[in-house]
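First up is the structure itself, then whatever we jot down about it.
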Amino acid sequence: MRIKDRHMWIFFVLPGVLLLILVLGFPVITSVLYSVKPEQAGDASYTFSHYSNLLKDPFFKTTFWNTGIFVFLSVGTHMILGLAVAMVLNSALPAKPLFRLIALLPWVIPDVVAGIIWKWMLDPIYGALNDVLLKVGLINAPIEWLSNPKLALLSVILVNLWRGFPFVMLILLAGLQAIPKDLYEAAAIDGASKLKTFFHITIPGLRKMIVVALALDIVWEVRRFGLIQAMTQGGPGVLTEVLSTYTYKQYFQFFRFEYASAISVVLTVTLLLVSLPYIWMISQEE
Amino acid sequence: MKPSTLIAKKGLYQTVIWVFLITVCVYCLFPFVWMLSTSLKTEAEAFRIPPTWIPLQATIDSYIGIWVRKNFGIYFFNSTVISLATAVLSTFFGALAGYGFSRFLFKGRRFLIGFFLATQMLPGVLLVGPYFKILSRVGLYDTRSGLIIAFLTICLPFSTWMMKGFIDKVPDELDQSAMVDGCSRMGIFFKIILPIVAPGMVATILFAFLLAWGDLLWALCLTSSEPMITVTLGIARTVGEFRIIWPMLMAGSLVGGMPAIILYVFLQRLLVQGLTAGAVKG
């Protein structure tokens with residue numbers, strides 16, 4: 001029997017789909033089941049107490065807030081710096097590939113390595129940053145970047161700016177290069193100001209890339225783990241604790257599998273809701 | 001406006017741009033320079049106040065130490081094997097699925113594409129717990145194979161999407177005319193499409209490799225014994241030690257980040273193409 005060509009997709013798509021269901025479906029279902037499993041055997045067959053406990057857990061509340069602040073400020077600063085650098089790199093410059101390479105370095109190294117370099121850079125006594133600031137005269141006493149409760153989260157966000165802006169820059173640069181040059185020439189002939197050109201040509205031309213960069217960056221920042229684990233492990237106290245590090249702790253330090261599963265399910269649902277517009281946009285184009 | 005002020009304005013504009021660009025470069029590079037400088041210091045010098053910028057007595061002891069006194073060789077081997085296997089597997093299955101999505105219109109196609117995209121959004125912490133339980137039960141906890149299976153969850157969706165982007169760029173007429181000549185679909189895929197998108201496959205393999213190489217969460221949760229752990233976990237463990245030997249840690253970090261940096265420098269154009277073809281179409 002010969003299979004019709006239009007049915008051949010099965011042989012291409014199915015292996016990937018089956019593999020994905022095998023390596024993903026199974027654990028996802030396990031997580032959801034754990035999140036409603038009673039901690040003591042012999043109780044009712046399912047319970048929502050882990051979810052209601054979440055609302056009573058002050059650490060969860062702090063962690064949720066921290067994650068929100070971390071993601072919002074990280075993505076915001078990534079977009080601003082990423083767009084600025086992309087626009088500079090899109091103009092006529094000598095040695096452009098070299099600059100692009102340098103600007104991408106922070107993004108290619110492992111998360112942990114980035115975290116560790118900066119932990120050492122920010123060391124209050126032996127670190128480079130305080131030394132520079134002291135020498136320039138901007139501060140007159142060393143700053144406790146990672147142990148000062150008021151600064152810790154902001155310091156981590158500052159490091160994450162270094163770590164994450166190159167990706168946004170890369171995506172937006174590709175977008176900028178796709179905007180036809182004659183649009184700018186026409187605007188210049190019409191005597192449009194730089195600001196006007198920016199808002200009427202650059203931003204509309206970049207709209208799709210901005211959505212892509214936003215969606216992917218939000219998801220990646222919510223999942224960010226190695227950087228924070230290497231720098232602060234969530235400390236001091238829970239001041240730099242985010243949902244990913246908190247869930248990890250609940251699993252592997254406190255062994256509260258049911259509770260940890262409940263947190264991760266909440267996190268996942270939030271993430272899927274946030275990225276739904278993006279998924280919708282992309283799959284509609286297909 | 002007089003021409004002279006126009007030129008002055010243009011000059012000022014250029015200066016601002018260059019100052020900005022150089023500041024960004026210093027911001028990006030300085031931590032690397034500091035890492036290199038520290039890795040070449042003796043332990044005593046690393047703890048000098050104020051810190052020295054250029055090592056007074058440069059030494060490569062730390063670079064020898066990570067291989068001799070620490071098990072960096074093992075970590076490196078593990079990371080390489082795990083990342084490479086993950087990258088090749090996910091790119092192969094990704095290319096198959098990418099071709100299917102690119103060339104066929106079928107019922108549920110949009111749904112499946114949405115499914116692949118949605119799986120990219122799942123956070124690792126949702127999966128590591130169940131993976132720990134499942135792998136322990138089947139005897140794959142603390143093994144390289146266990147970690148490879150787990151990494152497929154991160155890499156396969158990305159690889160599929162990237163490969164689809166590359167295959168989309170190859171005109172469908174090529175497939176059609178090959179079929180007229182009597183070539184089978186599988187034949188077309190392996191003999192015509194794969195050779196054409198070979199650069200794309202390299203980019204996809206590279207990207208998946210970097211994803212796996214850079215991970216900490218999964219390695220931390222699914223491996224534990226010295227002979228099985230990866231470079232990133234080896235480095236992270238050193239930070240947790242009671243007394244951190246900074247020059248050695250910096251040497252380890254630099255060496256651990258090196259494969260990513262080298263691969264990137266050589267394959268920069270391909271990777272940029274792949275990211276924009278996959279994440280960003282058109």
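With a simple spin-label model that places each label point 7 Å from the Cα along the Cα-to-Cβ direction, the separation between B:Phe30 and B:Ser224 comes to 4.2 nm.
Rounded to the nearest 20, the Cβ-based charge dipole of the protein assembly as shown about its Cα centre (Lys and Arg +1, Asp and Glu -1) stands at 720 debye.
Phi angles of region B:210-224 translate, via the Karplus equation with coefficients 6.51, -1.76, 1.60 and θ = phi - 60°, into HN-Hα couplings of 5, 4, 5, 4, x, 6, 10, 3, 5, 4, 5, 8, 10, 9, 8 Hz per residue; Gly and Pro are given as x. For region A:237-277, the set of chymotrypsin sites (Phe, Trp or Tyr not before Pro) satisfying both a DSSP loop assignment and a count of at most 13 other C-beta atoms within 10 Å is given as A:Phe254, A:Phe255.
For the residues of B:133-140, the average number of beta carbons from a partner chain within 10 Å of their own beta carbon is 1. For region B:145-159, putting each phi into the Karplus relation 6.51 cos²θ - 1.76 cosθ + 1.60 with θ = phi - 60° gives couplings of 4, x, 5, 4, 4, 5, 5, 4, 4, 7, 7, 4, x, 4, 5 Hz, in residue order, rounded to whole numbers and with x for Gly and Pro.
When the convex hull of its Cα atoms is viewed from all sides, chain A shows a mean projected area of 23.7 nm². Among the residues of A:206-215, the average count of other protein chain beta-carbon atoms within 10 Å of the residue beta-carbon is 2. A Förster radius of 25 Å, combined with the Cβ-Cβ distance separating B:Lys169 from A:Ala187, puts the computed FRET efficiency at roughly 0.25.
Applying 0.36 nm per residue to the separation of B:Arg137 and B:Phe111 and subtracting their alpha-carbon distance, the gain on full extension is 6.1 nm.
Since every read-out is calculated from the coordinates, none of them should be taken as a lab result. Remember, predicted model here, so these are calculated numbers, not experimental data. Note: ideal-geometry Cβ built from the backbone for every residue, glycine included; neighbour counts use all protein chains shown.
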